[in-house]
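Accompanying notes for the structure given below.
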Amino acid sequence: MAVRYGVPVMAALALGVFAAPAFAQVKIAYIDPLSGAMAPIGEGGVKHFNFMIERINAKGGVNGQKLELVTYDNKLSPQESILAAQKAIDAGARIITQGNGSGVAAALIDFVNKHNERNPGKEVVYLNYAAVDPAFTNDKCSYWHFRWDAHADVKMAALTGYMKNNPKIKKVYLINQDYSFGQAVRKSANEMLKAKRPDIQVVGDELHPLAKVTDFSPYIAKIKASGADSVITGNWGSDISLLLKAAADAGLQVDWYTYYAGGAGGPTAIKQTGLKDRVYTIVEGGPNHMEAANQAFEEEFRKKANMGVWYPRVRNQMEMLATAMNQAKSNDPKVFAEKLRGMKYTNIYGSATYMRAEDHQFFQDMFIEVFTPIAEAKLKYDEENTGWGWKTVATVKMADTDVPTTCKMAKPS
């Protein structure tokens, strides 16, 4: 089987990733898991990016050149990611994008900083679409890093702001992945619950290995024994779907407040639990927002990718990148990065957004959604053919997500 940059061509076609044209001239290196337990998440990301690249190229590309996504399987490893980044640079890529795993993101930020310092005139930019450790736009901020997802503290502020108004919540169990992101979720959940609802008792605070647990039943037994009425988790990928499946098997009846329950396998697992209107997630948008532009985009993507749009932020990222490059009249990261800093953008929902120049953190309205039968809620789109879909229950305006930063960004000379 022919292989292109480590990804089998036939496998790529089977994934529906719209094989990139051979005449592409601007390479974007996508570094995320494409094997192992988290592969479905990485594969979903490939579909989003190739869909957006296809749209941008159909409009002429950037400065007369076409974009191409070059995919690298990092196996969720920081070390593998650094090797992949170097291979990508050697192959001519000067734009790197990644999202799954803040441990990977931290390694890439450090790598890109060092590379650019050692290779003036050959700078590389790192576009982060989903790694949300707050440190990346605070004390570990970098001129060469831009983030389009709200970071963990912003999302927790939104979730706990919603939870504080529910008097039925008395006992909360925290379960998160044991790495920087999961630890950030744990920390902010404890702090924000104490500040907003000091009467709520945290009856469990669990960390587990990332993408290593295949049977969450022992964890579910602890949650059940704790008497918790609600669970907060930042789990993503196989860790959230397997956690919810174990909950279904055990008949655990609690409310779930999640970051990423909408990812691969999550909706199917939620449906299996039978917990109608009890699994919540915090997102930057969703398929059942009824704006005409969003509906048309959702329809086109579902037809081509055979999945719903998980990442509205990939659209934001790629459209802003193309705009920055065209405005700068340059595909050189050192030139177009200045155009991204402070850029204002109207998203597909017709809302104002912007990339804060001080720390390169993107800000936008956020939404809390609950998973529910689409027929009962009169929604248009379900997920994973479950007959259930995401219904918005609260909106967090951009102004209320605009948290301060401790970033002291060094601008290159």
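Across segment 284-300, rounded Karplus estimates of 3J(HN,Hα) from the backbone phi angles (6.51 cos²θ - 1.76 cosθ + 1.60, θ = phi - 60°) give 9, x, x, x, 8, 6, 8, 4, 4, 5, 5, 4, 5, 5, 4, 4, 5 Hz, Gly and Pro being marked x. Reducing segment 63-98 and segment 232-287 to their Cα centroids gives an inter-centroid distance of 31 Å. If you average the C-alpha positions of segment 105-131 and of segment 290-316 separately, how far apart do those two centres end up, in angstrom? Their Cα centres are 29 Å away from one another. Sparse packing (at most 13 other Cβ atoms within 10 Å of the Cβ) combined with a DSSP loop state is found for the following trypsin sites (Lys or Arg not before Pro) in segment 77-133: Lys122.
Just checking the listed ones, Gly182, Gly263, Gly36: in the Gaussian network model of the chain with Cα springs under 10 Å, the one fluctuating most is Gly36.
Within the listed set Gly64, Gly286, Gly101, the Gaussian network model of the chain (springs between alpha-carbon atoms below 10 Å) gives the highest mean-square fluctuation for Gly64.
So how strong a dipole does the chain carry about its Cα centre when Lys and Arg Cβ are +1 and Asp and Glu Cβ are -1, to the nearest 20 debye?
On the way: 48 positive and 43 negative charges, 89 e Å.
For the chain, the charge dipole is close to 420 debye.
Each residue of segment 357-364 was assigned a 3J(HN,Hα) from its phi angle through the Karplus curve 6.51 cos²θ - 1.76 cosθ + 1.60 (θ = phi - 60°); the sequence is 5, 5, 9, 6, 9, 7, 10, 6 Hz, with glycine and proline shown as x.
Projecting the Cα positions of Thr395, Tyr311, Met325 onto the charge dipole of segment 295-397 (unit charges on Cβ atoms of Lys, Arg, Asp and Glu, taken about the Cα centre) puts Met325 furthest along the positive direction.
Using a Förster radius of 56 Å, what is the FRET efficiency between Glu300 and Ala195 based on their Cβ-Cβ separation? Nearest 0.05, please. FRET efficiency, Glu300 to Ala195: 0.85. Most simply put, the chain has about 35% antiparallel DSSP beta bridges, counting only bridges with both residues inside it.
Of the accessible area of the chain, with the probe set at 1.4 angstrom, what percent is carbon plus sulfur?
On the way: 8470 of 16150 Å².
Its accessible area is 52 percent carbon and sulfur atoms.
The computed Cα extents along the principal axes in Å for the structure shown corresponds, within (i) 59, 44, 39; (ii) 66, 49, 37; (iii) 68, 64, 38, to (i).
Based on DSSP H runs of at least 4 residues, each adding -39500 (n - 2.57), what is the mean residue ellipticity at 222 nm of the chain after dividing by all its residues, to the nearest 500 deg cm²/dmol?
On the way: 13 runs with 159 residues, N = 413.
Counting only the DSSP helices, I get -12000 deg cm²/dmol.
Put simply, the amide H of Asn166, placed in the peptide plane, has no neighbours under 5 Å, leaving out anything fewer than 5 places away on its chain. For Asn138, no residue 5 or more places off, or on another chain, has a built amide H under 5 Å of its own. Peptides 79-85, 348-354 ranked from most to least packed give 79-85, 348-354, packing being the mean of other C-beta atoms within 10 angstrom over each peptide's residues.
Across segment 55-60, computed HN-Hα scalar couplings (Karplus, 6.51 cos²θ - 1.76 cosθ + 1.60, θ = phi - 60°) run 5, 5, 5, 5, 9, x Hz from first to last residue, x flagging Gly and Pro. So how tilted is helix 312-328 from the main axis of the chain? Cα-based, degrees 0 to 90, rounded to 10. Helix 312-328 and the main axis of the chain meet at about 20 degrees. Each label point was placed 7 Å from the Cα along the Cα-to-Cβ direction; for Asp332 and Lys122 their separation is 1.5 nm.
The values are calculated or read from the model by the stated rules, or taken from the named source; none is laboratory data. Since the model is a prediction, treat every value here as computed from it, not as a measurement. Neighbour counts are summed over all protein chains in view; Cβ atoms, including those assigned to glycine, are modelled from backbone coordinates with ideal geometry. Note: accessible area is taken over every heavy atom of the protein model, side chains too, but ligands, DNA and RNA are not part of it. Shrake-Rupley method; radii C 1.70, N 1.55, O 1.52, S 1.80 Å.
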